[in-house]
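What follows is a single structure, written as structure tokens, with notes after it.
The values are calculated or read from the model by the stated rules, or taken from the named source; none is laboratory data. Just so we're clear, the structure is a prediction, and the values are computed from it rather than from any experiment. When we count neighbours, we look across all protein chains shown, and the Cβ atoms used for this are built from the backbone with ideal geometry, even at glycine. What goes into the accessible areas is simple: the full protein's heavy atoms, side chains included, and nothing from ligands, DNA or RNA. Shrake-Rupley method; radii C 1.70, N 1.55, O 1.52, S 1.80 Å.
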Amino acid sequence: MGSILRFRKLSYLAPVKLHTEKKVEQEKKAVDVPNPCFSPEPTKRALAPTVRRSGGKEWRCMDNCCWMIGFLCTTWWLCLFLFNCLPATLPGFQAPESPGVRLKREGITALHPVVMVPGIVTGGLELWEGKPCAEDLFRKRLWGGGFTEIIRRPLCWLEHLSLDNETGLDPPGIRVRAVPGLVAADYFGPGYFVWAVLIENLAKIGYEGKNLYMAAYDWRLSFQNTEIRDQALSRLKSKIELMYVINGYKKVVVVPHSMGVVYFLHFLKWVETPPPVGGGGGSGWCSKHIKAVMNIGPTFLGVPKTVSNLFSGEAKDVAFLRAMDPGVLDSEMLGLQTVEHLLRAGRTWDSIVSLLPKGGETIWGNLDWSPEENHACDLSKRKPLGERNSTDGNAKRSALKEPVKYGRMISFGKAAAELPSSLLPSLDPKVRRGKTTTKKNSTSSCSEVRTEYDEMNREIIGKIAENKAYTARTVLDLLRAVAPKMMKRAEAHFSHGIADNLDDPKYTQHYKYWSNPLETKLPDAPDMEIYCLYGIGIPTERSYVYKQSPSSRCKSIPFRIDTSVNGDRGESCLRGGVSFVDGDESVPVLSAGFMCAKGWRGRTRFNPSGASTYVREYRHKPPASLLEGRGAESGAHVDIMGNVGLIEDVMRVAAGATGLGIGGDRVHSDIVRMSDRINIRL
Amino acid sequence: MPTLRRRKPADSDKPTTSAPSDDARGGGGGTTGRGEEEEEEDYEQDADNSKRKKNNNKRRRKKKAAAAAAAAASADNKHPALPSEEEEDGRKHHRKRSKWSCVDNCCWFVGCVCLTWWVLLFLYNAMPASFPQYVTEAITGPSPDPPGVKLKKEGLKAKHPVVFVPGIVTAGLELWEGHQCAEGLFRKRLWGGTFGEVYKRPLCWTEHMSLDNETGLDPPGIRVRPVSGLVAADYFAPGYFVWAVLIANLARIGYEEKTMYMASYDWRLSFQNTEVRDQTLSRTKSNIELMVATNGGNKAVIIPHSMGVLYFLHFMKWVEAPAPMGGGGGPDWCAKHIKAVINIGGPFLGVPKAVTGLFSAEARDIAVVRALTPGFLDNDIFRLQTLQHIMKMSRTWDSTMSMIPRGGDTIWGDLDWSPEDGYSPSKRGQKNNETDIKNQDGSDSKPSQTAKAHYGRIISFGKEVAEAPSSEIERIDFRDALKGKNVANSTCRDVWTEYHDMGFGGINACAEYKAYTAGSIVDLLRFVAPKMMDRGSCHFSYGIADDLDDPKYNHYKYWSNPLETKLPNAPDMEIFSMYGVGIPTERAYVYRLSPSAECYIPFQIDTSAVGEDKDSCLKDGVYTVDGDETVPALSAGYMCAKGWRGKTRFNPSGIRTYIREYDHSPPANLLEGRGTQSGAHVDIMGNFALIEDVMRVAAGDSGDDLGGDRVYSDIFKWSEKIKLKL
């Protein structure tokens, strides 16, 4: 604003003020001169030089600016115009045919209704009631879409996305709800597709609103709470029943993605359980209504990333950013405390707890052993599957050379990550929650950001670090120690163990077991098919090396990923304090594939009716050129939704094909061997 | 650029630019009035300037080398009178200047505009959200609390789930499968939203919006489907609310997605076809059942608007009819699931506007446009033929036929009589109550008006016909007239309306019949658009039932006609009719033959027909009565005022009915937008009084709690005049 005022003064006031005779005379003449840029008249020629000189001076500052901007704008518009004028397909550039078009030509048409269950984070959330700071955001998206509000009012935004710390439901006066309909998760941000490609391809063979449904739910809530607050499960049940009827009694194909997989697992149990806890669909409901469950990037057994996320609010990327530019994230001057704020908001979301590794040491390995231990990390040097099997011995030998202890999900210091367990200091496996009662007095100085760390004694923090290494089982104890409130709240909704006796009534009666595949039986639906579709070939976080955070003031999180830790050799799995295994960048192969490859394969105690399972892996191929966008053969956790192979599989099944019809298993990774190594009673 | 010019002389004399702050203070003291600080500033600036000057000189020299020859020549050619004694420096300047001249000035201008725009945008974004409201309040005084806030203070809470049924036109449609020309529009809105595609590819757009001429369903290869969810009709276009205000207010007292449902349907289809193609009725049924079940058994409150009223009437019959034609919900489905139906602006008995829409693709507004610029709409040169295209498209939409006036002459009046006789806009009374009406009934209103409007003649050819007593009109029956064949058919290029099949004979026959009442209108349409009416008559019926127990009324084509169906057996249900009054609403038309009758639509509203006195209801060839600008009060109110009042044969279980009228008062100023007291057909959705009524019912109130009837118009008087067996 100031600059405009100044500009105006410059232009209007100056001539009035400077009025010596000479100046006035000149001024008169100058005023007579029409804009010299356009057509200087011959009679005024003599005056021109001076006029022009001064003119030139003025052109220099403001006008040059204007000129530049104008030039850019004009060019931009021209380009935009040309771009719009372009025919949709460039003559030279042949876009690869989409699977939808190809299958349509094959004569495949829509048959079974399709239900999509989005995962965590990708579903949109909109505001229905808010505090005064969010007044004009009614029914606008807080999550998904433009995210412009984060920049405009970050604290307000964070306040509205947080849930109540005690109940895990809405805080008073705030109602944030899931966006319904296909728009909920077709695009996450503008141009960043999630389900859109799949939807578009399905539409090509005849799908539309009546046989395509997005089961959007509030992904921040625990699964049972989505029913309690929004009746999301009831609505899903009613929608499936409706689609079953109006599409000529055709069973539905369910396509859950990421956390939606466990959500739908919860639904399968919920729907057959009698009310009030369950949906009262009766024991034949699933077998009557569901043809297949096509789990994309399933997080059946949890995701190690969640541990670091809950523990210190960071993941590989955050840690990397911190290593690059230590100041930004922790800058106290700006009152940013980004990570702390995020940690606080994230810890009110119960759903994250559903992603903690399940099955404890049996699945994820103990201090010395892990199912993935001879995993070769340099994925570019991996050999095709058959060859690998023949050189199994070699692989083992190399594994001996480089013993990555994946079982130690969190270890403090590199040494702790690599030492044999016998050399580790004696463990006190349970950090007692009782100790945390000795609260620090100085919490009041911790400003408004209060993560639960503020209530912890330094001593205990030290103790935690002394423990050196945590496995999948003890990690839960660790989290219980550092975030007692969150874990107490969430553990009423989720369980992470393995059932000894599945017929124990507690497993069918309490909903907290329903989303854990190791503590529930699949429904009695022998004709139902279960697919595990996931990408492989991308290093995926599996375990972490931590250190105590250097600044021990109350405001910051006392633990951090130790980014200085690297493996000894070039092809080590340990990079930047994180050990990697094969997976889809978020979910390790083990978590995604184990249930389909072994846990449910055949007739097991987890799958008493013998529903058939299929593993379909898609090897990651990065996009060849920028034109391809996120790639048509990607295996990354979200980008896989645009993978043509996967889309084709989903479409074929939706159009009536069976698992065997699309070729049964399709395995590229070591999932079968890893599963064999896991010693679990089936 | 006068600013620059004026500045120059000062600068030329005093090359050091004076600091702006100096000017700001400037009492006219010139250089003498400066403080020292400014002097210092100036020195700095001087240094700066001189540096820049040097740079500039360097640049200029470089440029000079490159551009000297050409530029000099051209410049001198342009200005041959350039004095030769001019300094070298000046010439350089001049060349530079002249190079700036054309493109650069453009750029400069664009840059300026862009900058200003951005600054404004920035300011707008930085502005606190409550600012506009603050300004409005400063100008107009404190605005009343929106009903949501007010009722929340009263302690109202969400209770009954709410179902919205949007009307014709207001709901969005999106593309699911299209032809080549519509590539890239997948799941984009063709209808609603910005309508950007209408301009970009109009023909492609009309092609995709049309339905199949034979079946009234999708044409091959095209699937256009209704948008689902609340977004389907919250805003029609950006900033043009339909349901958004109501939704926002309901949300204040606790409504959210799980307790609100937008029963969007493809409004182009006939009602039964929405079920056949999309299973929309089944989905609505399932959703209502679900919402009732998940909200603790509280019955749903249904809020249909405009054509949605008829659609929901159809639904109520459908849901209780046995499968396969119906939904199989059993005879007490409505009683179990519906608390109240709040019809907003419901065209129960049809809309006269629909007739002209079908007959000549125009309404009052289009007729006015045509009168103002005769060439524009029919422009042959640009191959526009806009109206013909629109007519061709809209005649494939079966739903428009649901709005043709129903009940024939009994309801809408015959050549000499109409229920609204004696209505004059200036005479509209204050709020009547029922006792008042009864008094009026006794004393017959005098028909001795000087210029009595014959509303019964919905279409008359020529003003004389519209005004003459019926005995003087010579009518030649058109029904058996030979249509003949239009020889010029092939010259009409790609636009094809059914008029092209008609010869002059047929067209003249139509005109010779002179005046059409509601009863004969249907015959007329059947004559001029046989295909469309064939299709439509399978889905809609416009008569009055003599014997409602006749089994033929089980056919779905009668379900949306309130005069041919019984209301469901649900004595606890309430039916509200809420509509605006106080706006002149089209009721009857004066037509003429179109001057050039070759490829055009052969009939036009005769905009030259204007009533004599200013009190007349005839303007621009259109007779208007009281209503909400689209639906006459008669159509919106009759069923609730009389047809269903008490236990009648149309309402055997005695469902209580209420009439709530909202007198239109236009927005006081522009800041109010579309007004909070509007009675117009769509704008009424933002009427605070209506919203409050709706919210109270949704929160559990009954019609009597609201205060029963609320009437401004003569609806009861008019209803009494209609002789209908009840």
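So the values come out like this:
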{"quantity": "Residues within segment A:104-114 that are under 17 Å from A:ASP649 (Cβ atoms) and either touching a Cys at 6+ places or on another chain (Cβ under 7 Å) or crowded, with 20+ Cβ neighbours inside 10 Å (or both), tallied", "calculated": "5"}
{"quantity": "Answer residue from segment B:198-217, given it is crowded, with 19+ Cβ neighbours inside 10 Å and under 14 Å from B:ARG277 (Cα atoms) and is farthest from the other protein chains (Cβ to nearest Cβ) among those", "calculated": "B:GLY216"}
{"quantity": "Output for segment B:264-283, where each listed residue is among the small types (Gly, Ala, Ser) and within 9 Å of chain A (Cβ to nearest Cβ)", "calculated": "B:SER282"}
{"quantity": "Residue pairs meeting the criteria (Cβ under 8 Å; at least 6 apart or on separate chains; first touching a residue at least 24 places away in the same chain (Cβ under 8 Å) and more than 14 Å from every other protein chain (Cβ to nearest Cβ), in segment B:284-307; second among the aromatic types (Phe, Trp, Tyr) and in a helix (DSSP H, G or I))", "calculated": "B:ILE302/B:PHE312; B:PRO304/B:TYR311; B:PRO304/B:PHE312"}
{"quantity": "Residue in segment A:512-524 that is closer than 24 Å to A:SER354 by Cβ, outside any helix (DSSP H, G or I), of a type in the set (S, T, N, Q) and open to solvent by 20 Å² or more (accessible area, probe 1.4 Å) present", "calculated": "no"}
{"quantity": "Search result, residues across segment A:277-336 that are of a type in the set (Phe, Trp, Tyr) and modelled with pLDDT of 85 or more", "calculated": "A:TRP285, A:PHE300"}
{"quantity": "Residue check for A:GLY123: in a loop (DSSP other than H, G, I, E, B), open to solvent by less than 20 Å² (accessible area, probe 1.4 Å) and within 14 Å of another protein chain (Cβ to nearest Cβ)", "calculated": "yes"}
{"quantity": "Within segment B:259-290, tally of residues that are assigned to a helix (DSSP H, G or I) and more than 19 Å from A:LEU212 (Cα to Cα)", "calculated": "6"}
{"quantity": "Given (1) farther than 30 Å from B:TYR240 by Cα; (2) open to solvent by 10 Å² or more (accessible area, probe 1.4 Å); (3) touching a residue at least 40 places away in the same chain (Cβ under 8 Å); (4) assigned to a loop (DSSP other than H, G, I, E, B), number of the condition B:LYS642 does not satisfy", "calculated": "(4)"}
{"quantity": "Residue selected from segment A:658-675 under the condition of a type outside the set (Ser, Thr, Tyr) and farther than 26 Å from A:ASP527 by Cα, by the criterion surrounded by the fewest Cβ atoms within 10 Å (Cβ to Cβ)", "calculated": "A:ARG673"}
{"quantity": "Segment A:130-145, subset facing chain B (nearest Cβ under 9 Å) and not in a helix (DSSP H, G or I), residue surrounded by the fewest Cβ atoms within 10 Å (Cβ to Cβ)", "calculated": "A:PHE138"}
{"quantity": "Selection within segment B:684-703 - open to solvent by 10 Å² or more (accessible area, probe 1.4 Å), in contact (Cβ under 8 Å) with a residue 12 or more places away in the chain and either closer than 19 Å to B:THR630 by Cα or not basic (Lys, Arg) (or both)", "calculated": "B:PHE688, B:ALA689, B:GLU692, B:ASP693, B:ALA699, B:GLY700, B:SER702"}
{"quantity": "Failed condition for B:TYR261, given (1) open to solvent by 10 Å² or more (accessible area, probe 1.4 Å); (2) more than 19 Å from B:VAL242 (Cα to Cα); (3) within 13 Å of chain A (Cβ to nearest Cβ); (4) touching a helix residue (DSSP H, G or I) at 6+ places or on another chain (Cβ under 9 Å)", "calculated": "(2)"}
{"quantity": "Within segment B:137-187, considering residues that are open to solvent by 70 Å² or more (accessible area, probe 1.4 Å) and within 12 Å of another protein chain (Cβ to nearest Cβ), the one modelled with the lowest pLDDT", "calculated": "B:GLU183"}
{"quantity": "A:VAL644 vs. criteria of a type in the set (A, V, I, L, M, F, W, C) and open to solvent by 30 Å² or more (accessible area, probe 1.4 Å)", "calculated": "yes"}
{"quantity": "Check on A:GLY206, free of Cβ contacts under 8 Å to residues at least 60 places away in the same chain and surrounded by fewer than 21 Cβ atoms within 10 Å (Cβ to Cβ)", "calculated": "no"}
{"quantity": "Scan of segment B:218-258 for residues that are part of a loop (DSSP other than H, G, I, E, B), at the interface with chain A (Cβ under 10 Å from one of its Cβ atoms) and within 21 Å of B:LEU173 (Cβ to Cβ), ordered by number", "calculated": "B:VAL227, B:SER228, B:GLY229, B:ASP234"}
{"quantity": "Meets criteria (touching a residue at least 60 places away in the same chain (Cβ under 8 Å) and basic (Lys, Arg)) for A:LYS131", "calculated": "no"}
